[in-house]
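Read-outs throughout are calculated quantities, based only on the coordinates presented, and are distinct from any laboratory measurement. None of these values were measured; they are calculated from a predicted model. Virtual Cβ from ideal backbone geometry, glycine too; neighbours counted across all protein chains shown.
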Amino acid sequence: MLKPGLMMDRPLLISGLLEHAAAQHATQEVVSRETHGPTVRFGIAQTARRARQLANALRGLGLQPGDAVASIAWNNHRHLEAYFAVSGSGMVMHTCNPRLHPEQLVYILNHAEDRVVLFDSTFAPLVQAIAAKCPRVLAWVCLSERERLPDTPSPAAATPLAYEDLIAGQPDTFDWPEFDEKTGAVLCYTSGTTGNPKGVLYSHRSIVLNATTACLPDVLGLSTRESVLPVVPMFHINAWCIPYAAMVAGARIVLPGPRLDGASLYELMEAEKVTISAGVPTIWMGLLQHVEQGGLRFSTMRRTCVGGSAMPRALIEKFNDVYGVEVRHGWGMTETAAIATLSNLSAADWERPAEERHAIVARQGKVVSGIEIKVVDEQGATLPRDGASQGELMVRGQWIVERYHKADRTALVDGWFPTGDIATIAPDGVMTIRDRTKDVIKSGGEWISSIDLENAAAGHPAVAQAAVIGIKHPKWDERPLLLLVRKPGAALEKPEILAFLAERVAKWWVPEDVVFLDALPVGGTGKVQKNELRKRYGGVFSGT
């Protein structure tokens with residue numbers, strides 16, 4: 001007969017992360033580059049006091065446990081305070097992507113039934129455009145001082161409040177309630193689906209477990225000795241849970257605000273002695289372009305975590321070999337609360353030749369503790385872990401979605417979440433994303449990976465960005481079309497890039513045509529919008 005454990009049963013709550021950090025790492029810095037004005041600094045204890053003031057203020061507005069509070073904001077200290085004040089109070093923190101179409105924002109604000117919206121002054125025009133269509137919102141709060149307060153958001157909305165006025169005079173003590181750790185804490189809507197965005201409601205338990213795992217040496221490796229810069233937005237899967245993980249570890253956290261161009265990020269990294277960062281590949285492309293053009297080096301940066309889309313191998317090589325920055329390449333999605341797998345090098349791997357090391361990092365890696373994966377064929381049968389059999393990636397674990405917000409039915413298939421990614425798993429457990437089910441190209445009955453083609457093209461020294469889409473072809477059903485952005489001042493034409501690819505991929509993989517663009521369309525999370533490219537160029541091979 002199984003015996004029960006005889007240990008305390010304490011709930012895993014987000015408020016506990018904040019109070020731990022405030023008590024044990026009181027003077028560790030939170031550095032915030034303001035939307036307007038200079039960089040400001042707080043100790044974690046001061047951040048906790050301000051979060052408690054916000055919790056009191058929200059209660060004073062009449063909000064109750066279970067109510068949702070939205071944010072339309074950059075990575076800054078007030079947004080961080082809201083992360084803990086809202087969820088810690090038993091309410092739901094709903095982070096909104098400001099780059100969504102206004103009508104989509106209206107949809108998710110109403111679907112989430114948000115009662116208060118916190119917004120950066122940058123987004124005042126957006127708020128003005130949507131406020132009248134969100135009748136459930138009681139208050140619009142600008143994350144600023146009174147002098148930065150914008151005009152009334154809308155004739156139908158109340159005058160916006162200034163965040164600093166809202167919390168001024170509020171007690172800096174707050175009795176965080178205790179409740180079931182499975183209670184909803186944070187709501188994020190995924191932009192990776194067709195139709196209206198779908199909400200993923202993370203529990204306190206899932207976030208605390210994910211954040212704790214992220215601190216492990218072979219994941220992000222956070223500690224009190226590190227200064228971490230989450231470039232990934234706080235409105236995108238909770239900045240991959242880094243704000244929570246930083247509190248677990250007592251790490252110094254640097255918040256970049258709205259300026260995410262290469263020059264601004266480099267200046268911030270150097271000024272604040274950043275050691276670890278995280279973001280999508282497009283961010284790192286811009287950063288490296290700035291560094292290369294200026295002949296610059298990184299003085300403290302040692303490690304970056306990359307996800308959101310596949311990072312070109314050429315970029316991995318430059319970071320590692322030229323600039324001495326280790327790349328950890330991961331995979332996750334809104335439905336997995338960020339980190340699910342991560343490429344990392346073992347002690348033995350570090351002894352391999354550089355080319356082999358880069359090949360390992362270019363894959364999406366092994367699951368972190370708490371997650372399981374498998375790949376299945378079209379009939380749902382599990383495929384072997386042989387590194388060659390590819391099928392749809394399925395995932396389950398401690399921080400994987402079970403169903404979408406307000407959905408009547410589970411999102412799972414036999415207890416596993418179907419990701420929509422095509423992948424292989426090697427015998428050693430290393431997973432490689434081959435494509436999205438909607439992006440993989442079927443040409444003449446054979447499959448072509450758009451990701452592999454993009455990575456090959458990105459290896460050309462004149463290529464800044466590459467995207468590959470499959471579009472209808474009168475003979476082959478589908479053929480790949482390559483869309484390129486040249487590096488500034490670089491000369492590159494179609495014959496040269498096709499010859500370059502012919503030496504690196506199978507002959508029948510070589511794209512049918514090449515289109516040169518000034519820029520690729522990028523969505524709110526930094527991913528290339530292939531749907532837009534298909535709309536624009538879907539008739540290239542048919543002549544329409």
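Ordering of 330-336, 216-222, 98-104 by packing is 330-336, 216-222, 98-104, highest average first (other Cβ atoms within 10 Å, averaged per residue). Arranged from fewest to most other beta-carbon atoms within 10 Å of their beta carbon, Tyr404, Tyr83, Tyr323 become Tyr323, Tyr404, Tyr83.
Our note on the geometry: Cα centres of the stretch 261-321 and the stretch 465-544, 25 Å apart. Spin-label pair Gln289-Val522: with each label point 7 Å from Cα along the Cα-Cβ axis, the two points sit 0.8 nm from one another.
How large is log10 of I(q)/I(0) for the chain at q = 0.08 Å⁻¹ when the intensity is taken from the Debye formula with one equal scatterer per alpha-carbon? Summing over Cα pairs of the chain leads to -0.53. Packing around the peptides 481-494, 38-51, taken as the average count of other Cβ atoms within 10 Å per residue, puts them in this order, highest first: 38-51, 481-494.
Packing around the peptides 205-213, 224-232, 346-354, taken as the average count of other Cβ atoms within 10 Å per residue, puts them in this order, highest first: 205-213, 224-232, 346-354.
Here the residues Lys475, Lys198, Lys374, ranked from fewest to most Cβ neighbours within 10 Å of their Cβ, fall in the order Lys475, Lys374, Lys198.
What does the charge add up to near Arg303, with Lys and Arg as +1, Asp and Glu as -1, over the other residues with Cβ less than 11 Å from its Cβ? Overall, the nearby charge balance is 0. With contributions of -39500 (n - 2.57) from each DSSP H run of at least four residues, the per-residue ellipticity at 222 nm computed over the chain stands at -8000 deg cm²/dmol.
Count the DSSP beta bridges whose two residues both fall in the chain, then state the antiparallel fraction as a percent rounded to the nearest 5. Percent antiparallel among DSSP bridges in the chain is about 55.
Gain on full extension, evaluated as 0.36 nm per residue between Met7 and Ala490 minus their Cα-Cα distance, stands at 167.4 nm. Counting only Cβ charges, +1 for Lys and Arg and -1 for Asp and Glu, the dipole size of the chain around its Cα centre is about 280 debye. Per-residue extension of 0.36 nm, minus the Cα-Cα distance of Asn531 and Val40, leaves a gain of 172.8 nm for this segment.
Remark: for residue pairs Lys475/Lys507; Lys182/Lys530; Lys182/Lys527; Lys472/Lys507, the C-alpha separation exceeds 25 Å in Lys182/Lys530; Lys182/Lys527.
Panel order for Ser87, Ser369, Ser309, by other beta carbons found within 10 Å of each beta carbon, from fewest to most: Ser369, Ser309, Ser87. Projected label points at Glu145 and His101, each 7 Å from Cα along the beta carbon direction, are separated by 4.0 nanometres. For the pair Ala388 and Arg409, a Förster radius of 35 Å applied to the C-beta separation gives a FRET efficiency near 0.55, rounded to the nearest 0.05.
The lysines within cross-link reach of Lys273, meaning a Cα-to-Cα straight distance under 27 Å and a gap of 8 or more places when in the same chain, are Lys318. What the Cβ-Cβ distance of Arg136 and Ala168 gives, at R0 = 30 Å and to the nearest 0.05, is a FRET efficiency of 0.70. Applying 1/(1 + (r/R0)^6) with R0 = 25 Å to the Cβ-Cβ distance of Arg352 and Arg436 gives a FRET efficiency near 0.25.
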